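Notes to accompany the following structure.
Every read-out reported here was derived from the displayed coordinates using simple, explicitly stated rules and does not represent laboratory data. What you see is a predicted model; the values in this text were computed from it and never measured. A quick note on method: Cβ atoms are made from the backbone with ideal geometry, for glycine too, and the neighbour counts reach across all protein chains shown.
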Amino acid sequence: MQRQAVESTNIKSAGYDPEDEVLEIEFHSGGVYHYVGVPVAVYEGMLAARSKGRYFGDFISNGQGDPLRKLGEELPATSPVHFRPAGVIL
């Protein structure tokens with residue numbers, strides 16, 4: 001997936017696969033994470049946001065350990081990871 005650089009103190013770049021609804025975020029810390037099942041509107045909203053990090057915290061991160069996986073890490077077949085809007089507890 002191709003990412004584009006963004007102006008943010010926390011997020012270095014972001015990319016999106018509309019077919020699979022996967023958001024990929026690279027942080028300045030070096031981590032690259034996939035968020036599965038992210039609506040395109042969320043990706044576009046983050047790109048348009050004045051503060052990408054705040055948008056990420058408000059609309060993507062759930063605040064209790066992100067619903068994500070680090071690029072290259074395998075997930076157990078019994079526990080798929082999917083995007084959940086911030087504040088949603090399942």
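Subtracting the Cα-Cα distance of Gln4 and Glu44 from 0.36 nm times their residue separation leaves 13.2 nm of extension gain. Put in line by how crowded their Cβ is, counting other Cβ atoms within 10 Å and starting with the fewest, Met1, Met46 read Met1, Met46. In this Cβ point-charge picture (+1 for Lys and Arg, -1 for Asp and Glu), region 4-70 has a dipole of about 360 debye about its Cα centre.
The slack in the chain from Ser29 to Ser51, taken as 0.36 nm per residue of separation less the alpha-carbon distance, amounts to 6.2 nm. The fewest-to-most ranking of Ile11, Ile60 by surrounding Cβ atoms within 10 Å reads Ile11, Ile60. For Asn10, neighbours were defined as the other residues whose beta-carbon sits under 10 Å from its Cβ, and their charges (Lys and Arg +1, Asp and Glu -1) total +3.
Residues Leu47, Leu23 in ascending order of nearby Cβ atoms (within 10 Å, fewest first): Leu47, Leu23.
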